[in-house]
Amino acid sequence: MRSFLICLGLLSILNGKSQSIDYTLRMGAPHTHYLEVEMVVSKLSGKTLDVKMPVWAPGSYMVREFARNVDFFEATADGKKLPWKKTDKNTWSIATNGSKEIRINYNVYAFEMSVRTSFLDDSHGYINGTSVFMYVKDKKNLSGKLTIEPHKNFKSISTGLTYISNQNGKFQYSFPDYDFLADCPIEIGNQEIFSFNASGIEHEVAMYGEGNYDKERLKQDMAKVVESCTKVFGENPNQKYVFIIHNLTVGSGGLEHLNSTTLQVNRWTYSGSAYTDFLSLVAHEYFHLWNVKRIRADVLGPFDYDKENYSTLLWVLEGFTSYYDELLLLRSGFHTQSEYLSVLSRIINTVENTPGAKIQSASESSFDAWIKGYRTNENSVNSQISYYTKGQLLGALLDIEIIQATNGSKRLDDLLSYLYQEFYKKQKRGFSDVEFRKAAEKIAGKELKIFFEEYVEKTTAIDYEKYFAPLGMTLKKTSREKEIAFGARLTDSGGKLIVKEVTKGTSSYESGLNVNDEIISCNGFRVDQTSFNKMIAASKIGDEIDLLISRDNIMQALKIKLLPNGAWDHQVTVLQSTGENQEKLRMKWLGN
Ligand SMILES: [Zn+2]
């Protein structure tokens with residue numbers, strides 16, 4: 001689909017007849033954090049021209065209102081200013097007065113250092129398209145050019161946009177349509193750039209910020225991850241891929257794009273278990289170049305940048321990607337089998353011990369990402385389950401179910417490859433949730449009623465033995481009833497011990513401790529976090545403790561009865577003696 005669009009784009013530039021749109025990006029004073037954008041729209045007709053700023057960044061399902069960072073706007077034709085007015089929060093309507101070509105200039109304040117926003121200071125600029133580039137209403141299909149004039153102290157640019165030329169420090173790129181422009185983040189500065197080849201594709205790594213990374217080791221290890229991702233699908237749709245990596249003091253997360261990704265990590269992440277976490281992030285974002293960017297829900301592309309785009313399938317798009325980001329580390333030798341099973345056991349613990357998992361299903365969690373997943377509050381633990389976590393578990397279950405149903409001839413890889421070939425390549429579109437289920441049932445060769453209707457759409461308890469026993473495995477459960485479940489998350493806030501979260505079914509919840517309460521004393525002793533934890537640890541189940549709390553500055557006595565912990569520890573375990581077929585199926589799941 002992408003190469004098809006590029007052909008169209010080049011054609012329109014070459015024949016000179018179609019309308020196009022050109023942008024110039026400048027950054028004259030990086031310390032002010034202002035990006036200066038110029039947009040030239042040609043071959044206009046009509047009396048008005050509406051330009052719009054997206055409200056969200058694809059891949060990050062929250063309305064962020066990028067228009068709030070625009071604070072200068074001007075439109076001109078032949079050097080004369082044109083009248084304009086805002087008609088809603090993110091639309092500027094320009095009276096064109098019959099002009100055929102209009103120049104629009106605006107400034108964007110860019111000082112939010114995350115993978116889904118833009119940032120500029122005197123060390124670098126990071127552009128995430130939807131937060132910087134406006135588009136012409138109803139004309140997102142326009143192709144064009146982007147010229148970047150970096151600040152004189154910035155020497156390099158890293159992006160997945162199509163490079164045209166560099167003339168006197170003005171870097172020129174082309175794009176086939178707005179979606180592509182918006183989907184190519186841009187790093188501008190003095191980043192360290194190195195590259196490696198994997199799966200026949202050139203990969204550029206752009207490193208912003210100091211860190212304890214070893215370039216040569218990264219080239220080898222990232223190549224292994226790339227190759228294990230590509231192997232799932234049998235082909236890699238890109239010719240070049242760019243990793244933009246921000247090494248920060250505080251940083252976490254990544255955002256997927258068609259032919260690039262941005263990762264933000266702690267600068268000391270490149271050793272020990274943190275390094276494995278880094279490789280898992282690399283695998284996650286790289287896997288997304290298929291799952292999300294090409295294998296996608298029908299409502300997620302072409303995007304509506306004006307409002308929420310609701311999907312019930314984020315448990316597949318994000319959850320399965322999370323499933324593979326760990327599974328592929330097993331396949332490429334970065335996890336042992338027992339390390340991988342520990343990861344899976346932790347996921348099961350989270351799902352089974354989060355009260356919200358009994359309230360919200362995986363499909364509801366997906367649909368409400370915009371108002372819940374991305375906007376968690378103090379009660380989220382009691383009312384929500386992450387579609388990443390539940391989806392990761394569902395990915396493992398569906399994988400095992402397909403393996404069992406086909407006696408090891410197929411697995412989840414085959415479903416994802418089928419979706420890629422059938423919907424992305426053949427039909428050139430996304431799929432509905434009904435089509436996803438049909439595809440899964442086609443690969444499994446049987447109906448998957450319980451999986452979809454009970455485990456995905458409802459919160460029904462999962463029958464783990466049904467999944468694990470045929471693979472010669474079991475889920476060992478250990479009760480934690482001998483522990484006290486105090487159940488409140490506390491923080492030290494300027495010397496005050498403050499309640500931040502209270503989990504349903506625990507001592508704190510049942511006895512009426514509230515979020516924002518300040519715990520002043522316990523059994524007559526003034527407490528801080530350390531002493532309070534020690535007092536709870538020294539208590540017995542069934543004891544009552546007397547708290548003095550301040551709630552909205554009113555002192556109050558509160559008795560808390562200490563209850564047993566209702567949570568369980570889960571461990572996915574391989575049985576000591578297993579049959580030949582059980583071993584065959586298990587190897588299909590956990591082997592390479
Ligand atoms: Zn993701």
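Derivation of every value follows stated rules applied to the coordinates shown; laboratory data play no part. Everything numeric in this text was worked out from a predicted model, so none of it was measured. Here Cβ is always computed from backbone atoms with ideal geometry, including for glycine, and neighbour counts include all displayed protein chains.
Side notes on the structure shown:
- Rounded tilt (10° steps) of 272-287 against the dominant C-alpha axis of the chain: 50 degrees
- Residues whose placed amide H lies under 5 Å from that of residue 501, excluding near-sequence neighbours: 489
- Proximal aspartates and glutamates to residue 482, defined as alpha-carbon separation beneath 20 angstrom and excluding residues fewer than eight positions away on the same chain: 352, 510, 543, 544, 569
- A Förster radius of 22 Å combined with the Cβ-Cβ distance from residue 370 to residue 72 puts the calculated FRET efficiency at roughly 0.15.
- Unsatisfied cross-links (Cα-Cα over 18 Å) in the set 293/425; 442/466; 504/561: 442/466
- Coarse-grained scattering of region 2-189 at q = 0.10, 0.13, 0.15, 0.18 Å⁻¹, given as base-10 log I(q)/I(0) from a Debye sum over alpha-carbon atoms: -0.38, -0.66, -0.89, -1.31
- Sorted peptide list for 287-295, 66-74, 381-389, criterion being average Cβ within 10 angstrom, highest first: 287-295, 381-389, 66-74
- Taking amide H positions as modeled 1.01 Å from N, with prolines and chain starts lacking one, the residues under 5 Å from residue 164 and 5 or more places away or on another chain are 172, 173, 174.
- Mean Cα-pair separation over length for region 192-287, i.e. relative contact order, pairs under 8 Å, 6 or more apart, %: 29 percent
- Within region 315-386, the trypsin sites (Lys or Arg not before Pro) that combine a DSSP coil assignment with at most 16 other C-beta atoms in a 10 angstrom radius are 375.
- Inverse mean reciprocal Cα-Cα distance (Kirkwood Rh) of the chain, Å: 26.6 Å
- Estimated FRET transfer efficiency (residue 496, residue 379; beta-carbon r; R0 25 Å; 0.05): 0.70
- Across the chain, Cα pairs under 8 Å and at least six residues apart give a relative contact order of 10 percent.
- Net length available on complete extension from residue 349 to residue 552 is 69.5 nm, with 0.36 nm assigned per residue and the Cα-Cα distance removed.
- Under 17 Å of direct C-alpha separation, and excluding same-chain neighbours fewer than eight residues apart, residue 496 reaches these aspartates and glutamates: 517, 518, 528, 552.
- Contact order for region 2-189, expressed relative to its length and based on alpha carbon pairs under 8 Å spaced 6+ residues apart, stands at 26 percent.
- Multiplying the residue separation of residue 460 and residue 438 by 0.36 nm and removing their Cα-Cα distance gives an extension gain of 5.8 nm.
- When you count the other C-beta atoms within 10 angstrom of each residue and take the mean per peptide, 546-557, 132-143 line up highest first as 132-143, 546-557.
- Share, in percent, of DSSP beta bridges within region 192-287 that are antiparallel, nearest 5: 40 percent
- Its Cα centre serving as origin, the chain has a Cβ charge dipole (Lys and Arg +1, Asp and Glu -1) of approximately 1120 debye.
- When the C-alpha to C-alpha distance is required to be over 21 Å, the pairs from 145/170; 155/219; 52/89; 372/500 that qualify are 155/219.
- Aspartates and glutamates with Cα under 18 Å of residue 307, excluding same-chain neighbours fewer than 8 positions away: 50, 65, 88, 138, 179, 183, 298, 368
- Along the axis of the charge dipole computed for the chain (Cβ charges of +1 for Lys and Arg, -1 for Asp and Glu, origin at the Cα centre), the listed residues 105, 76, 384 are led at the positive end by 76.
- When the helices of the chain are scored as -39500 (n - 2.57) per DSSP H run of n ≥ 4 and the total is divided over every residue, the value at 222 nm lands at -8500 deg cm²/dmol.
- Computed E for residue 139/residue 32 - FRET, C-beta separation, R0 25 angstrom, nearest 0.05: 0.20
- Positive dipole terminus of the chain, leading residue within 301, 195, 211 (C-beta point charges): 301
- Dipole size of region 192-287 about its Cα centre, with +1 on Lys/Arg Cβ and -1 on Asp/Glu Cβ: approximately 80 debye, rounded to the nearest 20.
- Here's the picture: charge each Lys and Arg Cβ at +1 and each Asp and Glu Cβ at -1 in the chain, and of 351, 34, 511 the one pushed furthest to the positive end of that dipole is 34.
- Full-stretch length increase - residue 274, residue 541 - with 0.36 nm per residue and alpha-carbon distance subtracted: 92.5 nm
- Net +/- balance of residues flanking residue 304 in space, Cβ distance below 13 Å, scoring K and R +1, D and E -1: -1
- Charged side chains reduced to their Cβ positions (Lys and Arg at +1, Asp and Glu at -1) give region 278-425 a dipole of some 120 debye around its Cα centre.
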